[in-house]
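Notes to accompany the following structure.
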Amino acid sequence: MKRIALIGVAGPNLGDTAIAQAICEASERLGCEVTLVHPGKVSRPLPRFPQLIFSRRRIGDWRALRALMRRSDDVWIGGGSLIQDRLGTSPVRGMLPFVFQVALLACASGRRPTLMCVGVDRLYTRLGKRMASLVLRRLTSRIVVRDPQSFRRARVLAGGAARIRLCPDPAFVLRIVADTAQDADVILVPSRHDMKWQDAAELFAQLLDYIKVPRSSIDMVLSDTSAPERDYADEVARALERRGFPVRCHVPQTLDALLERLAAAPLLLSMRLHPVILAFSERNCVIVSDNSKLTSLARELGLPRISPAKWFAGDRLAFDSGALEEAAGAARSRLREARAADFAQALEQLQ
């Protein structure tokens, strides 16, 4: 049995937990034993799999991680948008420094790692670009990215495409349960990375007015349950209530709880990627973002998208409410199944 150490960031962002679960379950079906390494921000996000809770602040945890790497046949680092410096370049807090440190340790342990189903974002700092280039050029054996934009950026950073493979986001393997009882008319999924909370509240209020949603059945669901995201959502919810839209806020603590809440309404207005991936084949989804990843996803899945910049400029043509009637159904189920099959095939070829 092949032993894999999967080192990722499953935790407050349940989208990352969805990626980790999909990779672990698919690897298990191929006869592999996966140990999930994650930061100790939550307790065992995927309790069915062996796990190592890790903090880069503790020397003992680095020793335990090195021992795990040496016991493993392969080391994977993923998934999520790990190649990014938007969260800083601090050695004890930044995402990209974490990837750099782990890749360096894996190489020192005799296990040159694979970057597994990662996103490669735009890099803003000279240090971030240098670290990313070192990771992709020298410290990894294979690079698996989850979208075409990441492929293009990885190709530049790696100096070529020879070791890079494109595969669908692993979360396409998962989905909400279609026949879940619905107790809301619309679900809002905010993101503090897209816009100020005042602008998000104003945009959601205008959209809710435009589509004439009953004001007594609006849910807000967080797929990122970190404290900054909860504070942001609270501000958005209070602003909406002042506009006459009472909102019920839900902060799911597990991936199963998130899947259940995303199924609780026929319409999803989302500023985040993974709630759309999890729900698009069973519910009507509208992407509300100018983010390049979400713009690309809307194009890939044929989903309606609201451009906040265009909306505030008075362009209402971006919202085709008639398209929502056929947004979910057999065609999108087949699309999900095709993406899931492509992911499974890519994973099998890595074994």
Check: Which length gain, in nm to one decimal place, applies between ARG152 and PHE312 when the Cα-Cα distance is subtracted from 0.36 nm times their residue separation?
Finding: 54.5 nm
Check: For the chain, what relative contact order do you get, as a whole percent, if you take Cα pairs closer than 8 Å and at least 6 residues apart?
Finding: 14 percent
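When ranked by the protection proxy of mean other Cβ atoms within 10 Å per residue, highest first, what sequence do the peptides 292-300, 133-141 form? Spell out each step's value before the answer.
Numbers: 292-300: 16.4, 133-141: 18.2.
Packing proxy ranking, top to bottom: 133-141, 292-300.
Calculate the FRET efficiency for ILE59 and ALA257 from the Cβ-Cβ distance with a Förster distance of 56 Å, rounded to the nearest 0.05. Let's see the in-between values first.
On the way: r = 35 Å, r/R0 = 0.62.
It comes to 0.95.
Return the equivalent ellipsoid semi-axes of segment 236-310 as a descending list in whole Å, where each equals the square root of 5 times an eigenvalue of the C-alpha gyration tensor. Walk me through the numbers before you get to the answer.
Working: eigenvalues 88, 65, 23 Å².
One finds semi-axes of 21, 18, 11 Å for segment 236-310.
Quick one: which of 226-232, 168-174 comes out on top by average Cβ neighbours within 10 Å, and what's the full order, highest first?
Values: 226-232: 14.4, 168-174: 24.1.
With the highest mean Cβ count within 10 Å placed first, the list reads 168-174, 226-232.
What FRET efficiency would be calculated for the residue pair THR125, GLN345, taking the C-beta separation as r and a Förster radius of 35 Å, to the nearest 0.05?
Details: r = 36 Å, r/R0 = 1.03.
Efficiency at R0 = 35 Å is approximately 0.45.
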Next item on the list: Can you pull the one-decimal nm distance between simple spin-label points at ARG137 and LEU52, each 7 Å off the Cα toward Cβ?
Entry: 2.9 nm
Checklist line | Relative contact order for segment 186-333, counting Cα pairs under 8 Å that sit 6 or more residues apart, in percent | finding: 23 percent
Notebook entry, point to check: What does the convex hull of the Cα atoms of segment 99-253 come to per residue, in Å³, rounded to a whole number?
Noted result: 163 Å³
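Please give the peptides 51-59, 182-190 ranked by average Cβ packing (other Cβ atoms within 10 Å per residue), highest first, as a rough proxy for protection. Each step should come with its number before you reach the end.
Values: 51-59: 14.3, 182-190: 22.1.
In descending order of packing, they fall as 182-190, 51-59.
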Item checked: Linear extension gain, ALA161 paired with SER226, 0.36 nm per residue minus alpha-carbon span -> 19.9 nm
Check: Can you give the three extents of the C-alpha atoms in segment 186-333 along their principal axes, from longest to shortest, in whole Å?
Finding: 38, 37, 30
Check: For the residue pair SER333 and GLU241, what label-to-label distance in nm results when each label sits 7 Å from Cα along the Cα-to-beta-carbon direction?
Finding: 4.0 nm
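Determine, from the Cβ-Cβ distance of ARG86 and ARG3 and an R0 of 51 Å, the FRET efficiency 1/(1 + (r/R0)^6), rounded to the nearest 0.05. Walk me through the numbers before you get to the answer.
Numbers: r = 33 Å, r/R0 = 0.65.
Once rounded, the FRET efficiency stands at 0.95.
For the chain, what does the helix formula give at 222 nm: sum of -39500 (n - 2.57) over DSSP H segments with n ≥ 4, over the residue count, nearest 500 deg cm²/dmol? Before the final figure, lay out the partial values.
Values: 12 runs with 148 residues, N = 351.
Theoretical 222 nm ellipticity from helices: -13000 deg cm²/dmol.
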Item checked: Three-way shape label, segment 3-166, alpha-carbon gyration tensor, a/c 1.5 -> rounded
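Antiparallel as a % of all DSSP beta bridges within segment 186-333, to the nearest 5?
Around 0 percent antiparallel, to the nearest 5.
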Check: To the nearest 10 degrees, how steep is helix 14-29 against the longest Cα principal axis of the chain, on a 0 to 90 scale?
Finding: 50 degrees
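Throughout, read-outs are computed from the coordinates displayed, never taken from laboratory work. Model, not experiment: these values are computed from the prediction. Quick reminder, even Gly has a Cβ in these numbers, built from the backbone with ideal geometry, and neighbours come from all protein chains shown.
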